[in-house]
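Written out below as structure tokens is the structure these notes cover.
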Amino acid sequence: MQRSPWPVRLDGLVFREAVEPDVPVLQSFRNDPGVNHFMVRTHVDPDDLRREWLAVPHSPTDYSCVVERDGQVVAMGFLDIVDGSGQPGHPTGTDGVIGYVVDPRAAGQGIGTATARALVRAAFDRLGLRRVTAAANADNVASVRVLERAGMRRERLSLKALWHQELGWLDEVEYALLDEEWDARGPDTSRAPDVRTRAT
């Protein structure tokens with residue numbers, strides 16, 4: 001298991017591992033109907049959510065984090081290490097998959113974009129991954145914009161790939177970024193040295 005990339009302070013936010021007092025806050029917006037409109041898992045059992053988040057520090061592949069602003073949890077970020085595809089004997093644990101959920105009360109304030117940037121940065125600069133991907137419902141315009149603002153490249157469009165209980169079959173888009181693309185960007189504000197901070 002690699003060392004956790006968290007905690008990090010970036011873009012006025014603190015990205016850190018979840019602790020027990022965070023769980024009720026995460027539950028309060030994870031199962032919000034607006035949040036779940038485009039989610040595949042439209043409801044998460046509170047006990048499952050608690051167990052999943054508190055298991056993150058012990059997982060060899062899950063480097064998810066909570067996002068805190070001014071002492072309040074305002075979002076959650078997901079970063080899972082997965083194996084790329086290939087013939088037998090290919091390297092394992094090389095790829096990352098990211099995602100994010102922002103508290104609706106903090107929506108439209110750049111938190112989703114900052115979270116996606118922090119996750120990409122952690123994947124490449126802290127965990128040494130070679131490729132990061134993220135998928136979104138093509139009709140979820142806000143999420144697509146987050147990925148584009150985070151610097152990811154649209155790589156795939158899958159027509160009528162996801163079932164939505166109200167809207168029927170919807171298109172899915174996948175965004176990606178390779179480590180060499182990340183490195184080629186050079187230093188910028190999203191790559192500036194972070195200020196390591198203690199988790200609260």
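Data for the structure
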item	result
Sorted peptide list for 27-36, 71-80, criterion being average Cβ within 10 angstrom, highest first	71-80, 27-36
Estimated vicinal HN-Hα couplings, Hz - the range 159-172 in sequence order (Karplus 6.51, -1.76, 1.60; Gly, Pro = x)	6, 6, 9, 10, 8, 10, 5, 9, 9, x, 6, 10, 6, 10
Protein-only accessible surface order, largest first, of R50, R126, R131, R145 at 1.4 Å	R145, R126, R50, R131
Å² per residue, accessible surface of the chain at 1.4 Å	53
Considering only the range 48-179, percent of DSSP beta bridges that pair antiparallel, nearest 5	90
Shape call, the range 1-64: gyration tensor on alpha carbons, a/c limit 1.5	prolate
Dipole of the chain, positive direction: furthest Cα of S28, L157, A116, with charges on the beta-carbon	A116
3J(HN,Hα) from dihedral phi, the range 88-95, Karplus parametrisation 6.51/-1.76/1.60, rounded to Hz, x for glycine, proline	x, x, 5, x, 10, x, 9, 10
The range 95-173: GluC sites (Glu not before Pro) in DSSP coil with no more than 13 other Cβ atoms inside 10 Å	E166
Percent carbon-and-sulfur accessible area, the range 54-102, ignoring ligands, DNA and RNA, probe 1.4 Å	52
The chain: relative contact order in percent, alpha carbon pairs under 8 Å with at least 6 residues between	20
Amide H within-cut-off set for A161, under 5 Å, with H built and near neighbours excluded	L170, D171, E172
Relative contact order for the range 1-82, counting Cα pairs under 8 Å that sit 6 or more residues apart, in percent	33
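The values are calculated or read from the model by the stated rules, or taken from the named source; none is laboratory data. The structure displayed is predicted, hence computed values, not measured ones. Glycine also receives a Cβ, built like all others from the backbone with ideal geometry; neighbour counts cover every protein chain displayed. Side chains are part of the model used for accessible areas, which takes the heavy atoms of the whole protein and leaves out ligands, DNA and RNA. Shrake-Rupley method; radii C 1.70, N 1.55, O 1.52, S 1.80 Å.
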